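**Q** Below you will find the structure I want to go over with you.
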Amino acid sequence: MQQSIRYVQLLWVFLYLTGMIRPVLPYVEYAVNKSYIVQYLCENRDKPRLKCDGKCYLAKQLKVAQSSNNEPVEETPSVDLREYPYALMEVIPSLNYHKERGDQSTLPHNPSITEGTKTAVFRPPIFLS
């Protein structure tokens, strides 16, 4: 059991680090494959005076990575509240008892429950001097 928990923890750490490294990946790819990018993928390889060295390709990759991060999030689906019960009186039949009798209150009132709470809770503080 402990070993499986350890694997799950390592998986979460790996996924977290992968997400943190993702914005840096175009720079790493450029550094690793710089000679290939300069030789084959650079738009300005025919113009050595510009000293581009594949930075145009890097700029394109950064723009693509940034645009993929800023994709619009789909709106959350709306809920039609007319399809759902909005009052407990319609859901719980025992609460409808007083309503059917014509009473004003919808909940039964038991005075013995609330009788002692007024004086027990709401009293001035006692200071020890």
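Rule-based calculations on the coordinates, nothing more; no lab input. None of the values given here were measured: they were computed from a predicted structure. Positions of Cβ are backbone-derived with ideal geometry, glycine not excepted, and every protein chain shown enters the neighbour counts.
**Q** For segment 24-69, list log₁₀ I(q)/I(0) at each q in 0.22, 0.26, 0.30 Å⁻¹, using the Debye formula over Cα point scatterers of equal strength and ignoring solvent, two decimals each.
**A** So the normalised log intensities are -0.70, -0.89, -1.06.
**Q** Could you go through segment 35-51 in sequence order and give the Karplus-derived ³J(HN,Hα) for each residue, using 6.51 cos²θ - 1.76 cosθ + 1.60 with θ = phi - 60°, rounded to whole Hz, and x for Gly and Pro?
**A** Here the 3J(HN,Hα) series is 5, 5, 5, 5, 6, 10, 9, 5, 6, 9, 5, 7, 10, x, 5, 6, 6 Hz.
**Q** Another one. Taking K and R as +1 and D and E as -1, what net charge do the other residues with C-beta under 10 Å from the C-beta of Pro26 add up to? Can you show the working numbers first?
**A** Details: positive: Arg22, Lys60, Lys63; negative: Glu29.
So the environment of Pro26 carries a net charge of +2.
**Q** Continuing with the same structure: If r is the Cβ-Cβ distance from Lys34 to Val13 and R0 is 30 Å, what FRET efficiency results, to the nearest 0.05? List each step's numbers first, then the result.
**A** Numbers: r = 30 Å, r/R0 = 1.01.
About 0.50, to the nearest 0.05.
**Q** Could you tell me the calculated FRET efficiency between Ser67 and Leu25, based on Cβ-Cβ distance and R0 = 22 angstrom, to the nearest 0.05? Intermediate results must be reported in sequence, preceding the final value.
**A** Numbers: r = 15 Å, r/R0 = 0.67.
My answer for the efficiency is 0.90.
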